[in-house]
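Data block below; observations after.
The values are calculated or read from the model by the stated rules, or taken from the named source; none is laboratory data. Because the structure is a prediction, the values reported are computed rather than measured. Here the Cβ positions follow ideal geometry from the backbone for every residue, glycine too, while neighbour counts run over all protein chains shown. Accessible surface areas use protein heavy atoms only, side chains included; no ligands, DNA or RNA. Shrake-Rupley method; radii C 1.70, N 1.55, O 1.52, S 1.80 Å.
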Amino acid sequence: MSPLLRSIIILAASLLPSYSYAREPVSKLPVHSHVISGYDNPDSVRKAMQMRPLHKIEGIWTFPSDGGSIAIERHTDNTLRGEDDAIRYRMVVMRSPCRSLRPGTLMGYISATARPGIYAAEIYTSGNGGATLRNPKRFTLTLIDDAHLTFRQHSRRIKVNLWRLIPYMSRISVRLTDSDAPKDIDGCIRMFPRPLSGPVEPRYL
């Protein structure tokens with residue numbers, strides 16, 4: 001390895017810890033998903049939600065692109081509370097287009113942000129071909145209104161400007177850029193409780 005390339009790698013690596021030690025906006029998911037009991041009966045989930053006041057994001061949501069449905073509910077486990085004691089939510093699969101994925105499978109964690117209707121989330125983005133989800137990624141969730149919830153995945157990558165390496169090493173330029181390409185521009189439609197703006201099609205539950 002040339003001295004020039006070695007210097008680039010060392011410099012790039014030195015920038016990473018400042019991001020890894022920053023306070024996380026949302027609780028981290030386990031490496032693999034697990035199954036939570038009580039989500040295989042949509043009627044019982046709805047009745048449980050009717051017994052308590054719901055936050056704006058709580059409810060049963062469906063993905064119009066494939067007909068899958070999830071429940072978003074407050075999570076009372078204290079391990080999901082951050083240093084600021086913020087309330088966390090969890091996303092749980094109720095119905096999946098993948099038959100091997102069981103109802104009750106944990107799909108993600110959500111946390112409110114300082115902006116109304118904007119939430120930070122960590123969501124599993126792939127499966128193992130069976131009953132387990134994995135590969136968690138960071139998302140921003142936005143409540144467009146009381147019936148629509150959009151998802152946007154974020155990623156960060158390092159860019160090194162090689163042209164500035166010549167003629168002086170002191171001109172090495174390393175910068176971080178964010179990619180905000182949406183992964184599911186359709187997002188979710190609320191199915192329960194019924195949106196104040198009226199029913200939204202399609203209706204699966």
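Let's see how each residue does on (1) within 16 Å of residue 193 (Cα to Cα); (2) open to solvent by less than 80 Å² (accessible area, probe 1.4 Å); (3) modelled with pLDDT of 95 or more:
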residue	(1), (2), (3)
20	no, yes, no
26	no, yes, no
30	no, yes, no
61	yes, yes, yes
83	no, no, no
86	no, yes, no
Residue list for the stretch 91-127, restricted to those being free of Cβ contacts under 8 Å to residues at least 24 places away in the same chain and of a type outside the set (A, V, I, L, M, F, W, C): 99, 115, 116, 126
